[in-house]
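Notes follow the structure.
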Amino acid sequence: MSSDTIYERKINLQLPEFLRYLTPKKVLVSIGTPLMGIALFLFIWAALAPHVVTSLGAVPGPKQVYEQFTMLVDEHQAERAKEAAFYQRQEKRNAKKLAENPDAVVKIRDYTGNPTFFDQIGTSLFTVMAGFILAALIAIPIGIVAGLSKTVYAAINPLIQIFKPVSPLAWLPIVTMIVSATYVTSEPMFDKSFLNSAITVLLCCLWPTIISTAVGVTNVSKDLQNVSHVLNLNWWTHVRKIVLPSAIPMIFTGLRLSLGIAWMVLIAAEMLSQNPGLGKFVWDEFQNGSSNSLGRILVAVVVIGVIGFMLDRTMLFLQQKVSWDKSVALR
Amino acid sequence: MIESHLEITGVNMDFPTPTGPFRALEDVNLKLKKGEFVSIIGHSGCGKSTVLNVVAGLYLASKGGIVLNGKEVREPGPERAMVFQNHSLLPWLTAYENVELAVKQIFKGKKSKAEMKDWIEHNLALVHMDHAMHKRPDEISGGMKQRVGIARALAMEPEILLLDEPFGALDALTRAHLQDSVMEIQAELGNTIMMVTHDVDEAVLLSDRIVMMTNGPAATVGEILEVNLPRPRERIAVSEDPDYNHCRHEVLRFLYERHGNKEEETNADAPGNGNGNGKAKSDADTSEQEKTEASPKMKAENIVDFNKQPEEKVA
Ligand SMILES: Nc1ncnc2c1ncn2[C@@H]1O[C@H](COP(=O)(O)OP(=O)(O)OP(=O)(O)O)[C@@H](O)[C@H]1O
Ligand SMILES: [Mg+2]
């Protein structure tokens with residue numbers, strides 16, 4: 001019996017610190033409980049779905065949705081293969097041309113196949129990040145200035161309060177009109193549809209970041225402000241050494257809120273304005289109305305959810321990287 | 001007579017509160033000569049920190065003002081360095097970086113990078129923090145934080161050093177060591193020092209004058225005691241000195257006896273602070289005074305706990 005405990009202790013000592021506290025019971029609770037929740041949900045879904053009959057047939061259960069997912073993967077791979085073949089053919093033809101006549105002008109045409117589900121994911125992710133990052137770059141400085149100066153705050157507060165509750169979809173027509181009127185170049189760097197979506201996203205995620213940043217900056221501890229006064233720190237050093245580090249947690253709270261809104265807004269904007277992306281995928285499937293459509297839409301729903309979750313986790317991870325206080329709880 | 005270096009004239013300090021202004025200080029007058037060491041002693045909450053904050057320029061006096069070298073000061077400046085009661089280190093910077101922030105601010109363009117590094121390390125070594133200088137405030141003890149705060153202020157080479165209970169959170173040995181360091185530094189650099197303390201022995205050992213403040217609200221300078229002990233002072237030798245013991249006695253007498261009376265007066269017009277209660281308190285304190293008087297050998301470690309006094313109501 002005693003040799004048993006010694007043996008156990010030896011093993012325990014070799015495990016990394018955090019594993020040492022993982023008793024089987026804790027593992028069961030921390031991993032088993034969520035898994036059980038998911039299993040229960042899938043079970044109820046599978047049981048109820050067949051009973052809800054729509055014009056496109058019964059609502060698909062988890063199994064059908066999974067099948068649709070594998071089909072989407074297959075379609076994607078097929079499309080990629082087609083694309084590769086297309087370029088290969090061109091290259092072969094060009095090589096032949098050059099062999100016959102070295103002075104011949106050859107060119108490679110772009111492949112213009114339909115975007116697959118996974119292409120749409122890429123487009124959506126790129127658009128949301130573009131709008132969000134731009135919004136952060138605008139909102140954080142404004143928030144800092146508003147937090148430091150009561151005058152600035154008083155000046156912009158009514159505007160923020162009025163613009164904040166405006167539905168993003170109300171912005172969309174205006175953005176579209178303005179973009180198509182002002183963005184006229186012969187060689188556009190971005191698609192207009194990309195600009196429309198990104199700017200709509202930007203307009204919606206400015207406000208939470210501005211507000212949180214301003215609150216974080218106003219709440220810098222009085223003691224630290226006194227230190228800054230006694231040291232006569234100039235404005236820039238004060239912001240860098242005292243204001244920013246204190247406000248980081250609030251800034252990230254705002255950024256996470258903004259990113260969550262951004263992702264929701266983007267999908268809606270893509271649906272409404274037929275801009276490429278996951279939203280358009282959902283809309284197209286809805287219009288398409290084949291027997292597979294509902295399943296494919298549900299795949300999109302799950303993917304949208306998972307991506308939203310991962311975006312939030314990424315922000316948390318970033319916060320832990322940037323923040324001086326490494327003990328911020330993951331929530 | 002030498003023209004005074006720092007003048008506090010007719011300072012009133014009113015804090016706005018929801019129930020109207022609260023007068024913390026009333027007509028505080030004090031003149032400091034260059035290189036003088038003045039301690040401020042008084043009961044908790046009477047307004048000692050407020051006086052320092054007004055001198056530092058962090059609070060603007062409601063009436064009266066501060067004149068430094070013939071010029072009125074209304075704003076904080078690095079020539080008046082402050083060691084804050086609650087250390088006030090930036091939690092995201094290490095001890096070294098906290099001092100560095102101050103040093104860079106003051107010696108930019110005057111010292112080279114290497115000189116600054118030496119200077120920072122020198123000051124941290126002075127407070128015995130060289131072994132932990134790359135730790136952040138949340139990784140060091142309260143006393144260590146206070147030492148870093150002292151190092152930060154010393155590193156600024158200020159004309160006037162404002163110390164708000166700088167040795168409060170320290171053990172007796174470290175406190176004695178730092179007291180000696182402060183005396184040495186002052187002898188060497190000739191800074192003018194204003195120090196808030198609760199420790200009677202500390203006040204007598206370090207000061208040229210001890211300012212005893214009356215109880216708040218509307219606290220003011222009660223008595224000023226000159227400490228005419230020769231410098232350099234050596235703590236063991238000085239404790240035998242009859243002058244030293246006389247000074248201690250005077251301070252204690254002010255704090256307990258005179259103050260007890262004053263306390264009752266203020267209690268009479270402060271609602272919610274029963275008269276009998278105030279009396280009971282001062283009785284208890286008098287007995288404690290006798291205890292401390294009875295054991296003069298233990299002076300160095302004898303800190304009187306004034307926090308026992310009833311806190312003033314913000315009214
Ligand atoms: N910012 C403020 N607003 C309102 N009242 C204040 C403010 N600062 C201080 N006071 C009041 O002024 C009085 C004096 O406070 P102060 O901090 O100067 O006391 P103190 O003598 O330093 O006390 P302690 O020895 O406990 O540090 C207290 O009654 C306090 O409530
Ligand atoms: Mg105080």
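Some notes on this structure:
- All positions within the stretch B:26-56 that are within 18 Å of B:Asn228 (Cβ to Cβ) and of a type in the set (A, V, I, L, M, F, W, C): B:Leu32, B:Phe37, B:Val38, B:Ile41
- Of all residues in the stretch B:148-192 being assigned to a helix (DSSP H, G or I) and among the hydroxyl-bearing types (Ser, Thr, Tyr), the one that is nearest to ligand 1 (Cβ to nearest atom): B:Thr174
- Selected residue (criterion: surrounded by the most Cβ atoms within 10 Å (Cβ to Cβ)) from residues of the stretch B:193-209 that are part of a strand (DSSP E or B) and within 16 Å of ligand 2 (Cβ to nearest atom): B:Met194
- Any pair with Cβ under 7 angstrom, 6 or more apart, that starts in the stretch B:150-168 at a residue that is within 15 Å of B:Ser88 (Cβ to Cβ) and within 16 Å of ligand 2 (Cβ to nearest atom) and ends at one that is open to solvent by 10 Å² or more (accessible area, probe 1.4 Å) and hydroxyl-bearing (Ser, Thr, Tyr): B:Asp164/B:Ser49
- Subset tally (residues that are of a type outside the set (S, T, N, Q) and open to solvent by less than 40 Å² (accessible area, probe 1.4 Å)) for the stretch A:266-277: 6
Conditions (1) more than 27 Å from B:Gly35 (Cβ to Cβ); (2) buried (at least 16 other Cβ atoms within 10 Å of the Cβ); (3) at pLDDT below 90, marked per residue:
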position	(1), (2), (3)
B:Val211	no, yes, no
B:Glu223	no, no, yes
B:Pro230	no, no, yes
B:Glu264	yes, no, yes
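- As for the stretch B:66-77, it holds no residue that is within 14 Å of chain A (Cβ to nearest Cβ), without any contact (Cβ under 8 Å) to a residue 12 or more places away in the chain, touching a Leu at 6+ places or on another chain (Cβ under 9 Å) and surrounded by fewer than 22 Cβ atoms within 10 Å (Cβ to Cβ).
- Within this structure, B:Ala102 fails the test of being crowded, with 20+ Cβ neighbours inside 10 Å and away from chain A (no Cβ under 14 Å).
- Reported count of residues in the stretch B:1-48, each being buried (at least 20 other Cβ atoms within 10 Å of the Cβ), near ligand 1 (Cβ under 9 Å from one of its atoms) and not in a loop (DSSP other than H, G, I, E, B), is 5.
- Residues in the stretch B:213-232 that are away from ligand 1 (no atom under 16 Å from the Cβ), part of a loop (DSSP other than H, G, I, E, B) and within 19 Å of the chain's Cα centre (by Cα): B:Val227 alone.
- When residues of the stretch B:78-87 are limited to those that are surrounded by fewer than 24 Cβ atoms within 10 Å (Cβ to Cβ) and at the interface with chain A (Cβ under 8 Å from one of its Cβ atoms), the one farthest from A:Thr237 (Cα to Cα): B:Asn86
- Which listed residue is open to solvent by less than 40 Å² (accessible area, probe 1.4 Å), assigned by TED's automatic domain parsing to the domain that holds A:Gln274 and out of contact with any strand residue (DSSP E or B) (no Cβ under 9 Å at 6 or more places or on another chain), from A:Val184, A:Val175, A:Val152, A:Val166: A:Val175
- Summed over the stretch B:43-65, the residues that are more than 13 Å from ligand 2 (Cβ to nearest atom) and within 14 Å of another protein chain (Cβ to nearest Cβ) give a count of 3.
- Hits in the stretch A:210-265 - residues which are within 14 Å of another protein chain (Cβ to nearest Cβ) and open to solvent by 60 Å² or more (accessible area, probe 1.4 Å): A:Lys222, A:His229, A:Asn232, A:Asn234, A:Trp235, A:Trp236, A:Arg240, A:Lys241
- Taking the criterion of being away from ligand 2 (no atom under 16 Å from the Cβ) and under 18 Å from the mean Cα position of the chain (by Cα), the residues of the stretch B:12-33 that qualify are B:Asn29, B:Leu30, B:Lys31, B:Leu32, B:Lys33.
The values are calculated or read from the model by the stated rules, or taken from the named source; none is laboratory data. This is a predicted model, so every value here is computed, not measured. Every residue, glycine among them, receives a Cβ derived from its backbone with ideal geometry; neighbour counts consider all protein chains shown. All accessible areas refer to the heavy atoms of the entire protein, side chains included, with ligands and DNA or RNA removed. Shrake-Rupley method; radii C 1.70, N 1.55, O 1.52, S 1.80 Å.
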